[in-house]
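The values are calculated or read from the model by the stated rules, or taken from the named source; none is laboratory data. Since we're looking at a predicted model, the values are computed, not measured. Glycine gets a Cβ as well: all are built from the backbone with ideal geometry, and neighbour counts include every protein chain shown.
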Amino acid sequence: MMMKKKEVAPKVKAGTSKESAAARKAIFVEAYIANGGNATEAAKTAGYSRKTAGVQGCQLLKDLKVSSAITERSKEIANKYELTSDLVVKTIVQELTFDPSRLYQAGGQLKDITELDEDTRMALTAVEFEQLGSQDAPVFVRKFKWAAKQGAREHAMKHLGMFEKDNEQRNAVDILLQHLAKGAAVGNV
């Protein structure tokens, strides 16, 4: 009696099928956009090993289909929320030019939130109302928080290319210092 050998399908490592790889790439794209462009964290979110996430993230960014998907998805999101460079620059200017005195009327009373101009409202990050004291003698506290000007200043400087100019100046100074150091080493200073 001859026994037939059972045909065994080749073993596929879990999570390595074409469908699984495509799903991971799709998750990577969404995670990359959601986290602000951190490829390592996006790779971890997509299920890649913590040990290899940095390398995997870098490789995924080099994948033409993935990079195209990131570009297309970013455009979709920008269009959906009407996100334009003009709007981004406008919010930077609103934060940078915010003046707390615009929160008050001429007599020193706080304005109602509906009385504030758009630029002032957009520069605010939080408005809190709190009641202190007793029911008989309540004290109402309003707290306004606005964006830190340092962050807006840095964004504006990046937009205007001011860091690039600063870096060029530093490079020129570094080159000069290196040249002087070489001359001192040779004795030509």
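Summary table below
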{"read-out": "Single residue of ALA137, ALA156, ALA147, ALA181 found to be among the small types (Gly, Ala, Ser) and modelled with pLDDT under 75", "value": "ALA181"}
{"read-out": "Test: residue in segment 71-83 that is surrounded by fewer than 15 Cβ atoms within 10 Å (Cβ to Cβ) and touching a Lys or Arg at 6+ places or on another chain (Cβ under 9 Å)", "value": "no"}
{"read-out": "Unmet requirement for GLU19, which otherwise passes all of (1) acidic (Asp, Glu); (2) within 18 Å of the chain's Cα centre (by Cα); (3) over 29 Å from VAL127 (Cα atoms)", "value": "(2)"}
{"read-out": "Single residue of ALA53, ALA43 found to be touching a Cys at 6+ places or on another chain (Cβ under 9 Å), among the hydrophobic types (A, V, I, L, M, F, W, C) and not assigned by TED's automatic domain parsing to the domain that holds LEU124", "value": "ALA43"}
{"read-out": "Hits in segment 27-48 (condition: at pLDDT 90 or above and among the small types (Gly, Ala, Ser))", "value": "ALA31, ALA34, GLY37, ALA39, ALA42, ALA43, ALA46, GLY47"}
{"read-out": "Residue in segment 92-144 that is farthest from GLU154 (Cα to Cα), counting only those that are in contact with an Asp or Glu (Cβ under 6 Å, 6 or more places away or on another chain) and not in a helix (DSSP H, G or I)", "value": "VAL141"}
{"read-out": "The listed residue being farther than 21 Å from ALA156 by Cβ, in a helix (DSSP H, G or I), within 17 Å of the chain's Cα centre (by Cα) and at pLDDT below 95, out of ARG73, ARG24", "value": "ARG73"}
{"read-out": "Segment 61-75, residues that are free of Cβ contacts under 8 Å to residues at least 24 places away in the same chain and among the hydroxyl-bearing types (Ser, Thr, Tyr)", "value": "SER67, SER68, THR71"}
{"read-out": "Pairs where the first residue, in segment 79-99, is within 19 Å of THR125 (Cβ to Cβ) and the second is among the polar types (S, T, N, Q) and assigned to a helix (DSSP H, G or I), C-beta under 7 Å, 6+ apart", "value": "PHE98/THR120"}
{"read-out": "Scope segment 39-60; condition in contact (Cβ under 8 Å) with a residue 24 or more places away in the chain and either farther than 15 Å from ALA22 by Cβ or surrounded by fewer than 19 Cβ atoms within 10 Å (Cβ to Cβ) (or both); matching residues", "value": "GLY47, GLY57"}
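The rows are residues; the columns are (1) more than 29 Å from ALA148 (Cα to Cα); (2) in contact with a Cys (Cβ under 8 Å, 6 or more places away or on another chain); (3) modelled with pLDDT of 85 or more.
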| position | (1), (2), (3) |
| --- | --- |
| GLU19 | yes, no, no |
| GLN59 | yes, no, yes |
| ALA69 | yes, no, yes |
| GLU82 | no, no, no |
| TYR104 | no, no, yes |
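Residue by residue, here is whether (1) loosely packed, with under 11 Cβ neighbours inside 10 Å; (2) in the same structural domain as ALA34 (by TED's automatic domain parsing); (3) not β-branched (Val, Ile, Thr) holds:
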site: GLU95; (1), (2), (3): no, no, yes
site: GLN105; (1), (2), (3): yes, no, yes
site: GLN109; (1), (2), (3): yes, no, yes
site: ILE113; (1), (2), (3): no, no, no
site: ARG121; (1), (2), (3): no, no, yes
site: LEU124; (1), (2), (3): no, no, yes
site: VAL127; (1), (2), (3): no, no, no
site: GLU130; (1), (2), (3): yes, no, yes
site: LYS143; (1), (2), (3): yes, no, yes
